């Protein structure tokens, strides 16, 4: 049975942004900055992400900070247009550990998680509606790439339920993980007990067969700034 939702209100949905990355592959460009503070056309990337979310009425953000976290905090503290909470890493926790570390800060029953080094055009309300209709524990936003050899790919069935993950470099013209997720808070109960882990390798790939894990495919203009080449490309493709 499909859940009928007349109107989606995102103003009470929490958004976690993973902003603790080192930016190792951007050394030489942003040596003195965390990756999320890299500027695209003069604007810190994390501001681009927050502004994009706020355009769709997301208003409460939990920022996972680690490497050079003081810079991120000092910068975001100048914003007074949204609610920002910091989830601080004293040691690197990996993408999974960073999400797990936010548990005490999450207020909504479902919450978004966004990689702090990737951008995409999408409708968050549509993703939430799909997530609720599927009764998913996890929904992963995926994007079609003509050359997906530099990314891990995601396979799924006609019901959009995830059927598998593939390593980088195996396939072309496939759907890739776009770094946008939607979780039920129940997800914290099934996360690994260890403190540091990868959300993709140590969690998604371990639980998708036993849990309600789905994809959301309506994502365009996926841009990842994780390498120098893609960082330069972002200047041309993000307005």
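Table for the structure above
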| read-out | value |
| --- | --- |
| Residues of region 207-220 that turn out to be surrounded by 13 or more Cβ atoms within 10 Å (Cβ to Cβ) and more than 17 Å from residue 184 (Cβ to Cβ), as a count | 3 |
| Answer residue from region 70-83, given it is touching a residue at least 24 places away in the same chain (Cβ under 8 Å) and within 21 Å of residue 112 (Cα to Cα) and is surrounded by the most Cβ atoms within 10 Å (Cβ to Cβ) among those | 72 |
| Out of 95, 155, 139, sole residue that is in contact with a strand residue (DSSP E or B) (Cβ under 8 Å, 6 or more places away or on another chain), surrounded by 14 or more Cβ atoms within 10 Å (Cβ to Cβ) and not in a strand (DSSP E or B) | 95 |
| Pairs, first more than 27 Å from residue 90 (Cβ to Cβ) in region 46-66, second assigned to a helix (DSSP H, G or I) and at pLDDT 95 or above, C-beta under 8 Å, six or more apart | 56/124; 56/125; 58/124 |
| Hits in region 98-113 (condition: under 18 Å from residue 35 (Cα atoms) and part of a strand (DSSP E or B)) | 113 |
| Among the residues listed as 197, 188, the single one being farther than 27 Å from residue 45 by Cβ and in contact with a helix residue (DSSP H, G or I) (Cβ under 6 Å, 6 or more places away or on another chain) | 188 |
| Of residues in region 114-136 being assigned to a loop (DSSP other than H, G, I, E, B) and surrounded by 23 or more Cβ atoms within 10 Å (Cβ to Cβ), the one nearest to the chain's Cα centre (by Cα) | 116 |
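The values are calculated or read from the model by the stated rules, or taken from the named source; none is laboratory data. Fair warning: this is a prediction, and the values are worked out from it, not measured in the lab. Neighbour counts are summed over all protein chains in view; Cβ atoms, including those assigned to glycine, are modelled from backbone coordinates with ideal geometry.
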